[in-house]
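The values are calculated or read from the model by the stated rules, or taken from the named source; none is laboratory data. Just so it is clear, the structure is predicted and the values come from calculations on it, not from any experiment. Methodologically, a virtual Cβ is constructed for each residue, glycine included, from the backbone with ideal geometry; neighbour enumeration extends over all protein chains shown. For accessibility, only protein heavy atoms count, side chains too; no ligands or nucleic acids. Shrake-Rupley method; radii C 1.70, N 1.55, O 1.52, S 1.80 Å.
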Amino acid sequence: MPAPLRAQPDAQLHLRVTPGTPPVQPVTGEQGLYRQPGPGTLLVSSDRAAFVTSVVLPQGGGAAVLPAAPVTPGQAQVTALPGTLGFTQVFTVASLEPLNLGGAAGARSVSEISRAVEAAAASLPRGAYTVATTTYRVEQFGSLSVRASQLGAEVRVNDRPVGTAPVVVTDLPQGQVTVSVSLGGYQTFTQRVTVRPETTSEVSAALRRVTGILSVRSDVPAAVLIEGEAAGDAPLDLNVRPGVFSVNVVPADRRLKAQNVLVRVNASRVTALVCSVMAGEYRCGVR
């Protein structure tokens, strides 16, 4: 910040400026956000009788100089703010004598405002003015309605927990967010969503179980049973939940001995059970 717009280190007065209304607290964690048209007012107080003038610089430029007003020590002066959109800076100048800051009107940058304040304060005695800067962002807000194929799934927006499905998330600034829906035993659902002003955008999460692939191969015809239930004939590829399974492989040739193997299947991986005849004996092993 240019020196003329900072709190002056040798100022003979101290200034306190706060927005007249609290900001919106979106679940996505952004700070200093306000709905259009903005906070509405500033509360300005000083420890000495002073004259205050606020210069409002919207994101697109075109600064507005608000009417000067006297401040009485111990009393907050309410200053009405114009509506803006986007990042907004307000420079509140307090001085022991009235200042004409008309030169800052229409300014498109902080530098232009700084030069106007410096020129206006040039005739003041040392320490006769100071500046407080207030920044905030004015946004339009929308909502999200998130449903899932499984009740109770955790919903996150931009990796921040917002509840369990189904849930409606309000006070989201417009723009893109990442919605994730997760539940134990299911693959996490993720989607980029555009939040639109004054609109509820809908997300429907179809959760799929986390599975692994059990692949059974045999160099002779054989039937496959998993946990005692017929699964088909080898070769066979099955999507199964992760865990340990009892797999029976029964050769069609009854002279070969059926095999019973405990197989651990891991999520999102292929576990291969390979059976073959070696030296007249039928054997199965996990690879």
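One table, with the values for the structure above:
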| read-out | value |
| --- | --- |
| Residues being assigned to a helix (DSSP H, G or I), among the aliphatic types (A, V, I, L, M) and open to solvent by less than 30 Å² (accessible area, probe 1.4 Å) - total across the stretch 111-145 | 5 |
| Residues that are of a type outside the set (Gly, Ala, Ser) and either out of contact with any Ser or Thr (no Cβ under 8 Å at 6 or more places or on another chain) or farther than 16 Å from Val17 by Cα (or both), drawn from the stretch 42-54 | Asp47, Arg48 |
| In the stretch 180-218, the residues that are closer than 30 Å to Asn248 by Cα and loosely packed, with under 14 Cβ neighbours inside 10 Å | Gly184, Gly185, Arg208 |
| Every residue from the stretch 103-112 that is touching a strand residue (DSSP E or B) at 6+ places or on another chain (Cβ under 6 Å) and within 19 Å of Ala128 (Cβ to Cβ) | Ala104 |
| Residue among Ala94, Ala80 that is in contact with a Phe, Trp or Tyr (Cβ under 9 Å, 6 or more places away or on another chain) and touching a residue at least 12 places away in the same chain (Cβ under 8 Å) | Ala94 |
| Conditions (1) open to solvent by less than 30 Å² (accessible area, probe 1.4 Å); (2) within 34 Å of the chain's Cα centre (by Cα): number failed by Ser149 | (1) |
| Filter result for the condition that a residue is in a strand (DSSP E or B), under 30 Å from Val265 (Cβ atoms) and more than 16 Å from the chain's Cα centre (by Cα), over Ser204, Ser180 | Ser204 |
| Matching residues, the stretch 141-158, being free of Cβ contacts under 8 Å to residues at least 24 places away in the same chain and either under 12 Å from Val193 (Cα atoms) or touching a Ser or Thr at 6+ places or on another chain (Cβ under 7 Å) (or both) | none |
| Scope the stretch 219-237; condition assigned to a strand (DSSP E or B) and either open to solvent by less than 60 Å² (accessible area, probe 1.4 Å) or hydroxyl-bearing (Ser, Thr, Tyr) (or both); matching residues | Ala222, Ala223, Val224, Leu225, Ile226, Ala231, Gly232, Leu236 |
| Residues that are in contact with a strand residue (DSSP E or B) (Cβ under 7 Å, 6 or more places away or on another chain), within 30 Å of Pro19 (Cα to Cα) and not aromatic (Phe, Trp, Tyr), drawn from the stretch 131-157 | Val131, Ala132, Thr133, Thr134, Thr135, Arg137, Val138, Glu139, Gly142, Ser143, Leu144, Val157 |
| Residue among Val71, Val90 that is over 17 Å from the mean Cα position of the chain (by Cα), among the hydrophobic types (A, V, I, L, M, F, W, C) and more than 30 Å from Pro197 (Cα to Cα) | Val71 |
| Total residues in the stretch 55-109, condition part of a strand (DSSP E or B) and either open to solvent by 70 Å² or more (accessible area, probe 1.4 Å) or under 17 Å from Gly20 (Cα atoms) (or both) | 15 |
| Subset of the stretch 245-275 that is open to solvent by less than 30 Å² (accessible area, probe 1.4 Å) and closer than 13 Å to Arg217 by Cα - its residue that is farthest from the chain's Cα centre (by Cα) | Pro251 |
